[in-house]
Amino acid sequence: MAKPFPKLEDGYSIAAISWGLVELEPEVRDWLEGLPTANFFTVAFYIDLLAEQGPLLGEPYTRQLDGKLRELRLHLSRQAVRISY
């Protein structure tokens with residue numbers, strides 16, 4: 001199993017190079033930690049991509065849902081996965 005995310009105060013975050021941190025809600029963190037290792041690293045790659053590019057990351061990786069609500073879009077084992085942010 002992959003290492004848990006580093007704790008940041010009361011939340012969990014993935015460090016990024018240019019845009020800062022992506023804060024994970026507890027249910028997202030729990031879901032990630034329950035994934036098989038390969039899937040965990042796939043999702044972590046896309047979260048890191050979002051953290052690095054911030055609002056400049058566009059389709060097909062993210063999509064606007066409504067107003068400022070967006071979703072991170074990826075596939076795990078041929079299944080579409082969407083994480084809203």
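At 0.36 nm per residue, minus the direct Cα-Cα distance, what do Leu35 and Lys68 gain on full extension? Give it in nm, one decimal, please. Please report the intermediate quantities before stating the final value.
Numbers: separation 33, 0.36 × 33 = 11.88 nm, distance 2.81 nm.
That works out to 9.1 nm of additional length.
Once you have the Cα-Cα distance between Ser77 and Leu56, take 0.36 nm times their residue separation minus that, and quote the gain in nm to one decimal.
Answer, rounded to one decimal: 4.9 nm.
FYI, it's all coordinate maths here, none of it is from the lab. Quantities reported herein were computed from a predicted structural model and do not represent experimental measurements.
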